Amino acid sequence: MTTRLELTRSQILAFRRRAAALDERLPRGQRALRRAAWAGLQDSMPRAALLSIHARMAGTEPGSWEDPSLVQVWGPRFSTYVVAKRDLAVFTLGRLPDEEGPLQRVQDIAARLGAALAGTRMPQGAAARLMGEKDPNRLRYASLTGTVVIRWDSSRQPELWNVPAPEMDPHEARLELARRDLQGFGPTTP
């Protein structure tokens, strides 16, 4: 028989503030940026990620979200997220489908997009036209392979380009993504 852990709302909120580095601003630097982006920073409202970084790191500047240690990707629900570049596999491969049909669709779109981009950067709509895709939003599925990153500044379509495929097992990436979710947003039930 397991004993249920009883927690108060204030205990849960304190845990979440501490886990998300919101209880005390970190000194400016690479370590603080990575810590700020530990669970991904949603950026689908233009520059929301910058506000999140500012809440966690002292000395934040308008371009802090563009630090070379960070990248933008399409994250959960294909919203724009800023994540640490070294954690790209966690936030992309961690969402890669297991089922054969959806996995094949994702891999096909990523391969066709890679061929269309051919080492260049281009707007999402232009890449879709080059691929013969009627719906440019389908290109977002390619992000699940970890081979596509974006640059979205809210005034235009995102610019896309390919990066080398991450060297992480998708199952391990999925486990790490779940760990981060629990670390940042726990406690939870099974």
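The values are calculated or read from the model by the stated rules, or taken from the named source; none is laboratory data. Owing to the predicted nature of the structure, the values given are computational and were not obtained by experimental measurement. Don't worry about glycine lacking a Cβ; one is built from the backbone with ideal geometry, like all the others, and counts go over all protein chains shown.
Here are the numbers for the structure shown:
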{"item": "Criterion violated by T2 - all others in (1) surrounded by fewer than 17 Cβ atoms within 10 Å (Cβ to Cβ); (2) among the polar types (S, T, N, Q); (3) at pLDDT 90 or above satisfied", "result": "(3)"}
{"item": "Filtered residues of the range 152-190 (kept if among the basic types (K, R) and surrounded by 15 or more Cβ atoms within 10 Å (Cβ to Cβ))", "result": "R174, R180"}
{"item": "Flag if A32 is assigned to a helix (DSSP H, G or I), of a type outside the set (S, T, N, Q) and exposed (fewer than 14 other Cβ atoms within 10 Å of the Cβ)", "result": "no"}
{"item": "Residue ranges of helices (runs of 4 or more DSSP H) in the range 96-190 with at least 3 members touching a residue at least 40 places away in the same chain (Cβ under 8 Å) and more than 30 Å from A21 (Cα to Cα)", "result": "100-117"}
{"item": "Selection status of L88, outside any loop (DSSP other than H, G, I, E, B), touching a strand residue (DSSP E or B) at 6+ places or on another chain (Cβ under 7 Å), in contact (Cβ under 8 Å) with a residue 24 or more places away in the chain and among the hydrophobic types (A, V, I, L, M, F, W, C)", "result": "yes"}
{"item": "Candidate set: the range 5-22, residues that are in a loop (DSSP other than H, G, I, E, B), modelled with pLDDT of 85 or more and over 23 Å from the mean Cα position of the chain (by Cα); chosen: the one surrounded by the fewest Cβ atoms within 10 Å (Cβ to Cβ)", "result": "E6"}
{"item": "Residue among G94, G101, G114 that alone is modelled with pLDDT of 95 or more and in contact with an Asp or Glu (Cβ under 8 Å, 6 or more places away or on another chain)", "result": "G94"}
{"item": "Residue match in the range 42-52 (condition: at positive phi, surrounded by 12 or more Cβ atoms within 10 Å (Cβ to Cβ) and in a loop (DSSP other than H, G, I, E, B))", "result": "yes"}
{"item": "W74 vs. criteria surrounded by 15 or more Cβ atoms within 10 Å (Cβ to Cβ), more than 21 Å from R179 (Cα to Cα) and not aliphatic (A, V, I, L, M)", "result": "no"}
{"item": "Test for G59: is it touching a residue at least 24 places away in the same chain (Cβ under 8 Å), under 30 Å from R138 (Cβ atoms) and either in a helix (DSSP H, G or I) or not hydroxyl-bearing (S, T, Y) (or both)", "result": "no"}
{"item": "Matching option when the condition is loosely packed, with under 14 Cβ neighbours inside 10 Å and of a type in the set (K, R), among K134, K85", "result": "K134"}
{"item": "Among the candidates A127, A173, residue that is among the aliphatic types (A, V, I, L, M), at pLDDT 95 or above and under 20 Å from the mean Cα position of the chain (by Cα)", "result": "A173"}
{"item": "Test: R18 is without any contact (Cβ under 8 Å) to a residue 24 or more places away in the chain and closer than 27 Å to L96 by Cα", "result": "no"}
{"item": "Any hit, the range 114-133, residues being among the aliphatic types (A, V, I, L, M) and under 16 Å from S79 (Cα atoms)", "result": "no"}
